[in-house]
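See below for the structure under consideration.
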Ligand SMILES: [Zn+2]
């Protein structure tokens, strides 16, 4: 899933506006192609859900891209002469000393069922490939706390959820913050998610959200089955040349748990996927993916388990010098304009970032 934005919402919104304005100008005036010659590194784009199946209604819009939009992107990518690679293929190219200037990598996090039902036909139609990072806990009927959170948020709104949490939370400062959320619903939601991610004791958060979810009539197993890929769908995707990568069992913020727990999470998802697919799995994506969401222990565990690469959600592109266990990605969703996407691929924002104007998100 996407990380919580790391900058205040207002600053973030201004950056998005400037980025959009620049991309429209470059796209409309045909300027973006001028940047392509100095494009630096391979862009890896991060998506989550594809299409709008009813069972994913409770998931937030920033995790979704429509079938229509993705089809259009795939057409534009092809028309611009780019080829798609998996993360594994990109890293292998780096290992061979190649710098694939004409490549783009599409990745899809968490392992949603729509990646099989909606995405796979789109990729086949476009003769494209991708990497899907699968969280394996839901296939055993376990949803992570964020699903409980999104589901209760969808049904009750942030203020009611915060009130219910405040009745039970132990830390007094968190209780106080939960009871004084901003009046603006967007700001309230942002603050509530920040408190849940970084202020509440993780075990307490998980327990309370699950309790609220169940009290509100949520059915964890049914929801997990309807929303996530199962082993059969993973095998079908793998058979079509789509790379399946690991994304932990329960989508924890790895830096918030000890090394033993981290290993259980990472190795657990690796072994699950290897047993379902019948071959080794070499790529990993960090849950949430910001640098503070993993630590040195995580890197050691990944090395020890033989992962060839691990990818973050930190902005930027990748080349042979990018640390293999800290690859970079660019997040996209339905709200991203096509002009923005194509400017990313042609290296427009990278060009500005190298000159001190960082408009990457
Ligand atoms: Zn994720």
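The values are calculated or read from the model by the stated rules, or taken from the named source; none is laboratory data. Source: prediction; values computed, not measured. In this analysis, Cβ positions are derived from the backbone assuming ideal geometry, glycine residues included, and neighbour counts consider all displayed protein chains.
Descriptive notes on the structure:
- Filtering region 177-184 for residues that are in a helix (DSSP H, G or I) and either within 23 Å of the chain's Cα centre (by Cα) or closer than 30 Å to residue 87 by Cα (or both) leaves an empty set.
- Among the conditions (1) over 23 Å from residue 42 (Cβ atoms); (2) more than 16 Å from the ligand (Cβ to nearest atom); (3) part of a loop (DSSP other than H, G, I, E, B), the only one that residue 161 does not satisfy is (3).
- Some residue of region 309-325 being without any contact (Cβ under 8 Å) to a residue 24 or more places away in the chain, closer than 27 Å to residue 248 by Cα and in the same structural domain as residue 40 (by TED's automatic domain parsing): yes
- Comparison of 118, 87, 105 shows that the only residue that is under 18 Å from the mean Cα position of the chain (by Cα) and not assigned by TED's automatic domain parsing to the domain that holds residue 56 is 118.
- Residue count for region 185-222, restricted to those that are in contact (Cβ under 8 Å) with a residue 40 or more places away in the chain, surrounded by fewer than 19 Cβ atoms within 10 Å (Cβ to Cβ) and over 24 Å from residue 55 (Cα atoms): 3.
- So residue 316, is it at pLDDT 95 or above and at positive phi: no
- Among (1) surrounded by fewer than 19 Cβ atoms within 10 Å (Cβ to Cβ); (2) away from the ligand (no atom under 15 Å from the Cβ), the one test that residue 128 misses: (1)
- Residues located in region 164-176, provided they are part of a helix (DSSP H, G or I) and free of Cβ contacts under 8 Å to residues at least 24 places away in the same chain: 166, 172, 175, 176
- Matching helices (runs of 4 or more DSSP H) fully within region 14-116 where at least 1 residues are farther than 21 Å from residue 316 by Cα, in contact (Cβ under 8 Å) with a residue 60 or more places away in the chain and out of contact with any strand residue (DSSP E or B) (no Cβ under 9 Å at 6 or more places or on another chain): 67-79
- Among the candidates 317, 322, 312, the residue that is out of contact with any strand residue (DSSP E or B) (no Cβ under 8 Å at 6 or more places or on another chain) and either over 29 Å from residue 70 (Cβ atoms) or surrounded by 15 or more Cβ atoms within 10 Å (Cβ to Cβ) (or both) is uniquely 322.
- Candidate set: region 264-277, residues that are farther than 18 Å from residue 86 by Cβ and free of Cβ contacts under 8 Å to residues at least 40 places away in the same chain; chosen: the one farthest from the ligand (Cβ to nearest atom): 275
- Residue 221 closer than 30 Å to residue 9 by Cβ, modelled with pLDDT under 95 and assigned to a helix (DSSP H, G or I): no
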